[in-house]
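Engineer: Okay, handing you the structure first.
The values are calculated or read from the model by the stated rules, or taken from the named source; none is laboratory data. Predicted model only: the values in this text are computed from it and were never measured. All Cβ positions, even for glycine, are placed from backbone atoms using ideal geometry, and neighbour counts span all protein chains on display.
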Amino acid sequence: EGPETVGPTGQPTGSGQDRRAQGGPWLTTAQGTRLYDTDHSLKAGPRGPVLLQDHHLREKVMHFDHERIPERVVHARGAGAHGVFLGYGTATEICKAGFLAKDVETPVFVRFSTVLGSRGSADTVRDTRGFATKFYTDEGTFDLVGNNIPVFFIQDAVKFPDVIHAGKPHPDREIPQAQSAHDTFWDFVSLHTEAAHHTLWNMSDRGIPRSYRMMEGFGVHTFRMVSASGGTALVKFHWKPKLGVHSLVWEEAQLLGGVDPDFHRRDLFDVIEAGAFPQWELGVQVFPDTPEQAFEGIDLLDSTKLVPEELSPVQPIGLLTLTANTKNFFAETEQVAFHVGHLVPGIDVTDDPLLAGRLFSYLDTQITRLGGPNFAQLPINRPHTAVNDMLRDGMHQTAVHTGVAPYHPNSLDGGCPFLAGAQTGAYVETPVAVPAASKVREAPLSYADHFTQPRQFWLSMSEPEREHIVAAYTFELGKCYEQTVKERQLGVLANIDPVLCARVAEGLGLPAPEAAVPLADPEPSPALSQVGGAWPV
Ligand code: HEM
């Protein structure tokens, strides 16, 4: 956007100077009146009372009083950067999205985050990391709002408030700030055993990444891609860091939390300043779009399950390069609003019930966080393509819309002459058949297996990785006050693997329980050790 030189009715706005720069020879009020002093309030004499008529004092303090907006209800702590995405053209057979076509370059903004800590918490805590990407494509904005762990705690979004209430600090004492070492977290995950898989990834080295540059990203849910000829395929998105996947060890994470709580944020900013631009390859696992929406017996609508890469290799479709730091953290990193519902033609959602809740939640929360419904007008959220949305008014409206007939069709001002037909670049939902069914509050049977994949993950770990996992469970559970919570979680570990359970139980000084369910196939899937493996550099 250029300088604000023209007013709503076309008249010049004065000096023609860019108000965003906050420069110029004079300090002024917000109304542009020049000031001669900003260090002393207006008083009745040098030692007398301050006068209410001091507009400058009231305006300056009033604005300061309202500088903070609510932090995100989750993922409050984050860091962002600008970059570019280069399409390889390898996905065009299955996906018509223009930004994936060969050699198309699309501007992007990426925000990395932790989940549980508040805005000022430390970077190196044990937690899941967010990896959210906004693609400003010619066909509208596409957001890929993923995490660095390929599975999620819960299968249905109706439990999201519960898992977050359990993971956030205790309501009475507001500790711990940003990790899972407390009773409510372990109470929840031991009662909802679908969380066993994500929790195990958190307790592994994946929970303490070395750098944002060395993290994978996952779209987690299965999405649907649509080709130009109308064919569909189911896909899972993966980001593979060019630098490979690296983690801290626990002692490093602990030390850094004290010595440099901004470790990840600093790293990202410094390497971009130095011109060592971080890169990730975007890839997809592709599955046939069958009515079962399953692959090799794995339910593709269950976000607690992954598909091993040896069963379905990740196929590279583009390259992300982060090339520029933010200039204003608040305006960019803090005000950016991602949403899984920001889709472009060629990419559609599936019926994963976790995804369904997200489709509601992001827009909804942003109304509170960003103060009303007009946050798409904020510079970081503006699409890089023409917008003609007929949306009007509302809190924090900054556009001066013209035209008297904000609806379609209208015969008064021609404000919206066309709707794009399905053939002219419109977003058309895929006409997927919905099976005839009764309304139920139930999960499918396939959601009931909570332990096979965690067991395979554990068995695919090397001995040093296992040591880290055992130490993490022991440390985090060791912080619980409630004995019953520790015992119940040991029961969960017994269902994953007796050795894992015995080693953690020993660390806690408790007896190791027996498995309550038959253990899954003891053979580790070689594929699982490849999940998230380093990308060949
Ligand atoms: C924020 C990922 C599940 C609600 C975020 C962010 C990421 C993320 C990366 C941070 C976005 C940013 O940097 O601004 C995920 C993933 C999920 C998941 C990968 C599961 C696969 C859910 C669910 C809900 C939810 C089930 C609610 C039903 C939210 C909310 C925010 C958020 C309210 C804050 C957004 C804002 O204030 O702008 N999520 N999330 N998430 N997520 Fe999720």
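Engineer: Scan the range 160-172 and report the pairs whose first residue is in contact (Cβ under 8 Å) with a residue 40 or more places away in the chain and closer than 11 Å to VAL74 by Cα and whose second residue is among the hydroxyl-bearing types (Ser, Thr, Tyr) and surrounded by 14 or more Cβ atoms within 10 Å (Cβ to Cβ), with Cβ atoms within less than 7 Å and a gap of 6+ or a chain change.
Structural biologist: GLY167/SER180
Engineer: Six or more apart or on different chains, Cβ under 7 Å: which pairs go from a residue in the range 65-87 that's near the ligand (Cβ under 8 Å from one of its atoms) to one that's assigned to a strand (DSSP E or B) and of a type in the set (Gly, Ala, Ser)? Could you list them?
Structural biologist: Listed pairs, sorted by first residue: HIS75/SER113; HIS75/GLY130; GLY78/SER113; GLY78/GLY130.
Engineer: Consider THR114 against the criteria (1) more than 8 Å from the ligand (Cβ to nearest atom); (2) more than 24 Å from HIS82 (Cα to Cα): it satisfies all of them except one. Which criterion is unmet?
Structural biologist: (2)
Engineer: OK, next. If you check GLU216 against the conditions, is it surrounded by 22 or more Cβ atoms within 10 Å (Cβ to Cβ), in contact (Cβ under 8 Å) with a residue 60 or more places away in the chain and either within 23 Å of SER462 (Cα to Cα) or touching a His at 6+ places or on another chain (Cβ under 8 Å) (or both)?
Structural biologist: For GLU216, the condition - surrounded by 22 or more Cβ atoms within 10 Å (Cβ to Cβ), in contact (Cβ under 8 Å) with a residue 60 or more places away in the chain and either within 23 Å of SER462 (Cα to Cα) or touching a His at 6+ places or on another chain (Cβ under 8 Å) (or both) - is met.
Engineer: Right, here's the next one. What helices (runs of 4 or more DSSP H) lie completely within the range 154-227 and have 3 or more residues being within 16 Å of the ligand (Cβ to nearest atom)?
Structural biologist: 160-167, 196-203
Engineer: Considering each residue of the range 88-123, count those that are outside any loop (DSSP other than H, G, I, E, B), surrounded by fewer than 24 Cβ atoms within 10 Å (Cβ to Cβ) and of a type in the set (Gly, Ala, Ser), and give that number.
Structural biologist: So the answer is 1.
Engineer: Something else: Considering every residue within the range 279-293, establish whether at least one is touching a strand residue (DSSP E or B) at 6+ places or on another chain (Cβ under 9 Å), over 30 Å from THR430 (Cα atoms) and of a type outside the set (S, T, N, Q).
Structural biologist: Looking for residues that are touching a strand residue (DSSP E or B) at 6+ places or on another chain (Cβ under 9 Å), over 30 Å from THR430 (Cα atoms) and of a type outside the set (S, T, N, Q), one finds none in the range 279-293, hence no.
Engineer: Now for a different question. Would you call GLU59 assigned to a loop (DSSP other than H, G, I, E, B) and not polar (S, T, N, Q)?
Structural biologist: It is false that GLU59 is assigned to a loop (DSSP other than H, G, I, E, B) and not polar (S, T, N, Q).
Engineer: Is at least one residue of the range 230-246 closer than 26 Å to LEU477 by Cα, more than 16 Å from the ligand (Cβ to nearest atom) and at pLDDT 95 or above?
Structural biologist: yes
Engineer: So if I check each of VAL404, VAL344, which one is touching a Gly at 6+ places or on another chain (Cβ under 6 Å), away from the ligand (no atom under 14 Å from the Cβ), among the hydrophobic types (A, V, I, L, M, F, W, C) and in a loop (DSSP other than H, G, I, E, B)?
Structural biologist: On inspection, the qualifying residue turns out to be VAL344.
Engineer: Now, a different point. Which of the following residues is part of a loop (DSSP other than H, G, I, E, B) and touching a Phe, Trp or Tyr at 6+ places or on another chain (Cβ under 7 Å): VAL307, VAL284?
Structural biologist: Just a single option satisfies the conditions, and that option is VAL307.
Engineer: Taking only pairs six or more apart or across chains, which ones have beta-carbon atoms under 7 Å, a first residue in the range 323-340 that is closer than 17 Å to ALA132 by Cβ and more than 8 Å from the ligand (Cβ to nearest atom), and a second residue that is part of a loop (DSSP other than H, G, I, E, B) and not hydroxyl-bearing (Ser, Thr, Tyr)?
Structural biologist: Final answer for the pair search is GLN335/LEU370; GLN335/LEU378.
Engineer: For the range 124-143, which residues satisfy the criterion of being assigned to a loop (DSSP other than H, G, I, E, B), within 9 Å of the ligand (Cβ to nearest atom) and of a type in the set (A, V, I, L, M)?
Structural biologist: none
Engineer: Specify the residue that is nearest to the ligand (Cβ to nearest atom); the eligible residues are those in the range 347-386 that are within 20 Å of TYR136 (Cα to Cα) and of a type in the set (Phe, Trp, Tyr).
Structural biologist: Once the filter is applied, the top-ranked residue is TYR362.
Residue-by-condition table, conditions (1) surrounded by 21 or more Cβ atoms within 10 Å (Cβ to Cβ); (2) hydrophobic (A, V, I, L, M, F, W, C):
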position: VAL158; (1), (2): no, yes
position: PRO171; (1), (2): no, no
position: ASP183; (1), (2): no, no
position: HIS197; (1), (2): yes, no
position: MET225; (1), (2): yes, yes
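Engineer: Do we find a residue being in contact (Cβ under 8 Å) with a residue 60 or more places away in the chain, polar (S, T, N, Q) and within 16 Å of the ligand (Cβ to nearest atom) anywhere in the range 289-299?
Structural biologist: No, that holds for no residue.
Engineer: VAL151 passes all but one of (1) assigned to a loop (DSSP other than H, G, I, E, B); (2) touching an Asp or Glu at 6+ places or on another chain (Cβ under 8 Å); (3) not charged (D, E, K, R); which number fails?
Structural biologist: (2)
Engineer: Identify the residue in the range 371-408 that is touching a Lys or Arg at 6+ places or on another chain (Cβ under 9 Å) and farther than 24 Å from PHE109 by Cα and, among all such residues, is surrounded by the fewest Cβ atoms within 10 Å (Cβ to Cβ).
Structural biologist: Among residues in the range 371-408 that are touching a Lys or Arg at 6+ places or on another chain (Cβ under 9 Å) and farther than 24 Å from PHE109 by Cα, the one surrounded by the fewest Cβ atoms within 10 Å (Cβ to Cβ) is HIS401.
Engineer: Here is a further query. Taking the criterion of being surrounded by 16 or more Cβ atoms within 10 Å (Cβ to Cβ) and farther than 26 Å from LYS159 by Cα, would at least one residue in the range 351-370 satisfy it?
Structural biologist: no
Engineer: Name the residues in the range 301-336 that are more than 18 Å from TRP280 (Cβ to Cβ) and among the charged types (D, E, K, R), would you?
Structural biologist: Residues satisfying the conditions are ASP302, LYS305, GLU310, LYS327, GLU332, GLU334.
Engineer: For the range 426-449, does any single residue satisfy the condition of being part of a helix (DSSP H, G or I), over 30 Å from ASP389 (Cβ atoms), in contact (Cβ under 8 Å) with a residue 12 or more places away in the chain and in contact with an Asp or Glu (Cβ under 9 Å, 6 or more places away or on another chain)?
Structural biologist: yes
Engineer: Next question. In the range 347-356, how many are acidic (Asp, Glu) and part of a loop (DSSP other than H, G, I, E, B)?
Structural biologist: Of the residues in that region, 2 qualify.
Engineer: Please go through the range 391-414 and pick out each residue that is over 30 Å from VAL226 (Cβ atoms) and more than 35 Å from the chain's Cα centre (by Cα).
Structural biologist: THR402, GLY403, VAL404, ALA405, ASN410, SER411, LEU412, ASP413, GLY414
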